[in-house]
Amino acid sequence: MTEKPGITPWEVSNELKETDYDRIANEFGAKLIDGQMISRIKKIAGEVHPFLTHRIFFSHRDLDIALDSYEKGNKFYLYTGRGPSGEMHLGHLLPFVFTKWLQDRFDVDLIVQITDDEKYLFRDVNERDLEKYTKQNILDILSVGFRPEKTHVLVDTHHSGLLYNQAIKVSKHITASSVKAVFGFSDSDNIGKYFFTSMQSVPAFIMSVLKGRNVRCMIPYAIDQDPHFKLSRDVLPKLGYYKPSSIISKFIPSLKGGGKMSSSDRTTGIYLDDDPKTVRRKLMKYAFSGGRDTAEEQRKYGANPDIDFAFNVYRMLEPDIGKTSRVYEDYRSGKMLSGEMKGLAADMINEFLARIQSQREIVEKDYDSYMFDPSKLQ
Ligand code: TYM
């Protein structure tokens, strides 16, 4: 089967390297975002997001079809999500930051799915904690700054009637053997896991159900979620709906290098509730460095910024591409030391987290108004 061990929605190998992404996208059957596609997005959106320029969002499925249709006046809607099993880290927020940009530039609706049922089935987390993290994660996500009137949050167990009635239709077209092949389940996995992917498919066509006409859907996510949508794309046309389009990112790696920032080990990631001192300490202590062992060697030979955690995160958060290029050059040539690079990244991250934390109080007041309500969709 093409869905390799190494990446499933629930397991990402620590060995994952930058050079593996194109191969994996290829094996999954997704296309790479090339220069032409970036120019096209720029033409329509009026600007290009650094996540595209830096190839963080690097791959897609049928993005061209969604753009063709958009240019003819038929808007797509955006759909993305979060499994609320714990506190969110910087990596989890990445697709939401990009989704906000897409929502602003394309002026479209967004559905955010919170898969509390998924985490109940796949993780050892009790219902009380799930409820706590559901609320907390939704607030973190909304703090990114989505448009209130165009943003609709679906929580699987709260909106179960709406979702379940559609999920059974999806599940009727998925066999146990295909789920085993795609996700690597065995006979000893609980049967809820086998059904779950049907729930994650539903928001990809729910707008079409509610509006009574086909509406295109575009889904931003990191590549671990792709197996779900590969299945959705097989099933949805059988139900009379469009295949969803996707725009797919790489992972923010673990602080320690490789793999992805993981929620099972707090020292591998920067968490949204980390205070400025903790962020700085984590970077100084754990961040994988592309610099040399001593300041002297660094001055002489320079660093490899491409594999450096601090540089990579700095690059994601710095909107000024000219500035990023200068930092790259200074670090690569040895003019800048590893500690300075980490300090710069810490400042950038702390600024970003402060913005998120200050927005949280504002969105908390309007929490209920973001919840999915079919009567608000015209
Ligand atoms: P979850 O909660 O594991 O992750 C939320 C989103 O973050 C992405 N992601 C990352 N991106 C960059 N760097 C990382 N280190 C990193 N780790 C995770 C994930 O790909 C995801 O986009 N089942 C899903 C929830 C979901 C969903 C969706 C996600 C439901 N519907 C539609 C995307 C699109 C989950 O548990 O995501």
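The table for this structure:
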| quantity | calculated |
| --- | --- |
| Cut-off 19 Å (backbone N to label point 7 Å along Cα→Cβ of THR53), residues of region 326-341 | 326-332 |
| ³J(HN,Hα), Karplus 6.51/-1.76/1.60, whole Hz, each residue of region 127-141, x for Gly, Pro | 5, 5, 5, 4, 5, 4, 5, 4, 5, 4, 5, 4, 5, 4, 5 |
| Ellipsoid semi-axes in whole angstrom, largest first, where each is sqrt(5λ) of the Cα gyration tensor of region 198-254 | 23, 11, 9 |
| Under-26-angstrom lysine pairs by C-alpha in region 212-306, whenever the two are 8 or more apart or on separate chains | 16 |
| Relative contact order, percent, region 191-244 [alpha-carbon distance under 8 Å, six or more residues apart] | 38 |
| Residues whose placed amide H lies under 5 Å from that of VAL153, excluding near-sequence neighbours | VAL112, MET371, PHE372 |
| Built amide H within the under 5 Å cut-off of SER59, gap 5+ | ILE33, ILE248 |
| Longest site-free stretch - the chain; sites: GluC sites (Glu not before Pro), DSSP loop, at most 11 other Cβ within 10 Å | 48-378 |
| Cα-based Lys pair tally, region 79-224, threshold under 20 Å, eight or more apart or on separate chains | 14 |
| Phi-based couplings in Hz for region 17-30 (Karplus 6.51, -1.76, 1.60; Gly and Pro marked x) | 10, 3, 6, 7, 4, 4, 4, 5, 4, 4, 5, 6, x, 8 |
| TRP101, TRP10 arranged by Cβ crowding within 10 Å, fewest neighbours leading | TRP10, TRP101 |
| Reference-scaled alpha-carbon Rg (2.2 N^0.38 Å with N residues) for region 266-362 | 1.11 |
| Tensor-based shape of region 169-211 (alpha-carbon gyration tensor, a/c under 1.5 rounded, otherwise prolate or oblate) | prolate |
| Kirkwood estimate for the chain, i.e. one over the average of 1/r between Cα atoms, Å | 21.5 |
| Packing-based exposure ordering (other Cβ within 10 Å, fewest first) of THR8, THR294, THR19 | THR19, THR294, THR8 |
| Computed [θ] at 222 nm, helices only, for the chain once each DSSP H run of length n ≥ 4 contributes -39500 (n - 2.57) | -15000 deg cm²/dmol |
| Percent of beta bridges antiparallel (DSSP, the chain, rounded to nearest 5) | 35 |
| Sequence-separation-based contact order of the chain, relative, with Cα cut under 8 Å and 6+ spacing, percent | 20 |
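The numbers here are math on the coordinates, done by the rules we state, and not lab data. All of these numbers come straight from a predicted model, not from anything done at the bench. A quick note on method: Cβ atoms are made from the backbone with ideal geometry, for glycine too, and the neighbour counts reach across all protein chains shown.
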